[in-house]
Amino acid sequence: MQGKDLLQLAEKFGSPLYVYDAEKIQSQYTRLTKAFSKVDNLRINYAMKALSNIAILQLLKEMGSGLDTVSIQEVLLGLHAGYAPEKIFFTPNGVSLEEIEEVSEMGVQINIDNLSILEQFGAKHPNVPVCIRINPHVMAGGNANISVGHIDSKFGISVHQLPHLVRIVENTKMNIVGIHMHTGSDILDIEVFLYAAEILFDAAKNFKNLEFLDFGSGFKVPYRKDDIETNIEELGKKLSKRFNAFCAEYGKELTLIFEPGKFLVSEAGFFLAKVNVVKQTTSTVFAGVDSGFNHLIRPMLYGSQHYIENISNPKGKERFYSVVGYICETDTFATNRRISEIKEGDILSFRNAGAYCFSMSSNYNSRYKPAEVLWWKGEGHLIRAHEKFEDLLQNQIPLPVEAVV
Ligand SMILES: *Cc1c(COP(=O)(O)O)cnc(C)c1O
């Protein structure tokens, strides 16, 4: 997919627009499975909170992927997209016992991340196979908001509470089939990941009926050319070897699971927005686009730096711009960026717009959410229509007229 394809899609479907390259999603999936080809039983569960359009779910299902879900609504979407319940994992944080029970009854693998719920669930349903989320307290993660391994993190059962955990399992006689960790996003250092894996292996020795070990995700993807990224191939080589050795020691061929979100879909996504206004102030040139943090919140939320190109004028002379949105509060996509000369009406393309972009969008300022297009076999397929005025009114209930006057 090239810049001119994106430009045509913006013309055809209007802006703002999300575009996803199916081939890129598929090649990332294949890359991950190849890196771990030495592991006999490998399973990839796509963390669908990154991008939950059902066409994307279908695409990954065709590749053989399972799903990692964090809410009962994601489970329902996964089932709707055609996933068998046994291909779905439920890895929530801080949800109610009732929600966990309801998902478990659907035949979905549940993953419990605190001792209180574990004890209650184990007492009521000792025969249901359960996975436990361990927090190894290994610091990984590029941003405080997405780092989940630290000591005061709300995620997982602390590895320091293992004795208490084992006691609960013995008392309830519950069936622990898996151990899980997810150290957070943006793993740069493979040694850190391997160190966390050792903690998981150690914890695993406490349980006799394991079927799988789930190493979560958090792979760092590049945001521009020559950017750093997790070396998946090296991680594959080292972790596969260690995993196979552990299985031999444990006396059983376990399944190795990953649950990537960003790695599979981030780079496949492009967000296209039109420049409404070029505004020269005394200090800066602003390019104001027909979108804002209602559609792409990551720069404001995480300080993420999405690479921005002017696809209407790719060869133009570069100048410095601050790219801003139309939301009526500070709404900055990028400051002081070199972008080829921008004119009003040009289309800007934001890279790495596949993960946590549309899925975090809202109707703030009563704007419509953008449409989504899948670039598949050389053609753009609309996979979500632009919203309409009726969508804003849906579910709203006005007061009776006589009560208002
Ligand atoms: C969000 C999440 C993931 C995916 O993380 P990425 O950084 O997008 O790969 C995996 N597992 C769990 C439990 C998550 O909450």
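Since every read-out is calculated from the coordinates, none of them should be taken as a lab result. Owing to the predicted nature of the structure, the values given are computational and were not obtained by experimental measurement. Methodologically, a virtual Cβ is constructed for each residue, glycine included, from the backbone with ideal geometry; neighbour enumeration extends over all protein chains shown.
DSSP beta bridges fully contained in the chain are about 45 percent antiparallel.
Spin-label model, GLN394/TYR250: points 7 Å from Cα along the beta carbon direction are separated by 4.3 nm.
Cα convex hull of the stretch 1-93: how many Å³ per residue? Walk me through the numbers on the way to the answer.
Numbers: hull volume 11.6 nm³, N = 93.
Expressed per residue, the convex hull around the Cα atoms of the stretch 1-93 is 124 Å³.
In terms of Cα atoms, the Rg and Dmax of the stretch 22-262 work out to 17.0, 54 Å.
Based on other C-beta atoms within 10 Å, arrange HIS125, HIS160, HIS295 from fewest to most. Present the calculation step by step, with values, prior to reporting the outcome.
Values: HIS125 18, HIS160 10, HIS295 28.
Least to most surrounded, the residues fall as HIS160, HIS125, HIS295.
Counted over the stretch 269-387, the DSSP beta bridges are approximately 90% antiparallel. Relative contact order of the stretch 58-178, taken over Cα pairs closer than 8 Å and 6 or more residues apart, is 21 percent. Listed values for the stretch 223-230 are Karplus-derived 3J(HN,Hα) couplings in whole Hz (6.51 cos²θ - 1.76 cosθ + 1.60, θ = phi - 60°), namely 9, 7, 4, 6, 6, 6, 8, 5, and x replaces Gly and Pro.
What fraction, in whole percent, of alpha-carbon pairs in the chain exceed 37 Å separation? Before the final figure, lay out each step's value.
Details: 23230 of 81810 pairs.
That fraction is 28 percent.
What value, in deg cm²/dmol to 500, does the helix sum -39500 (n - 2.57) over DSSP H runs of n ≥ 4 give at 222 nm once divided by the residues of the chain? List each step's numbers first, then the result.
Details: 13 runs with 126 residues, N = 405.
The per-residue figure over the chain is -9000 deg cm²/dmol.
Using 0.36 nm times the number of residues separating LYS315 and ASN209, minus their current alpha carbon distance, what extension gain do you get?
Working: separation 106, 0.36 × 106 = 38.16 nm, distance 6.03 nm.
Gain on extension, LYS315 to ASN209, equals 32.1 nm.
Structure note, pairs LYS205/LYS237; LYS12/LYS61; LYS262/LYS369; LYS208/LYS262; LYS61/LYS274; LYS279/LYS369: Cα-Cα distances above 30 angstrom occur for LYS208/LYS262; LYS61/LYS274. Near SER158, the amide H atoms lying under 5 Å from its own belong to ASN135; only residues 5 or more places off or on other chains count, and H is placed 1.01 Å from N.
Full-extension gain between LEU115 and ILE54, please, as 0.36 nm times their residue separation minus the C-alpha to C-alpha distance. Walk me through the numbers on the way to the answer.
Details: separation 61, 0.36 × 61 = 21.96 nm, distance 3.35 nm.
Stretched fully, the LEU115-ILE54 segment lengthens by 18.6 nm.
Once the piece of chain linking ARG224 and SER27 is laid out straight, how much longer is it, given 0.36 nm per residue of separation minus the C-alpha distance between them?
Numbers: separation 197, 0.36 × 197 = 70.92 nm, distance 1.79 nm.
Gain on extension, ARG224 to SER27, equals 69.1 nm.
Rounded if a/c is under 1.5, else prolate if a/b is larger than b/c, else oblate: which is the stretch 269-387, with a ≥ b ≥ c the root eigenvalues of its Cα gyration tensor? Since a/c reaches 1.5 but b/c is at least a/b, the shape of the stretch 269-387 is classed as oblate. Annotation for GLN73 and GLU170: the two label points, set 7 Å from Cα along the Cα-Cβ direction, are 4.2 nm apart.
Of the GluC sites (Glu not before Pro) found in the stretch 208-271, the ones in coil according to DSSP and having at most 14 other Cβ atoms within 10 Å of their Cβ are GLU253.
Within the stretch 282-343, report the trypsin sites (Lys or Arg not before Pro) that DSSP leaves as loop and that have at most 11 other Cβ atoms within 10 Å. Kindly include the intermediate steps, with their values, before the conclusion.
Details: sites: LYS315, LYS317, ARG319, ARG337, ARG338, LYS343; in loops: LYS315, LYS317, LYS343.
Passing sites in the stretch 282-343 are LYS315, LYS317.
The aspartates and glutamates within cross-link reach of LYS317, meaning a Cα-to-Cα straight distance under 13 Å and a gap of 8 or more places when in the same chain, are GLU309, GLU341.
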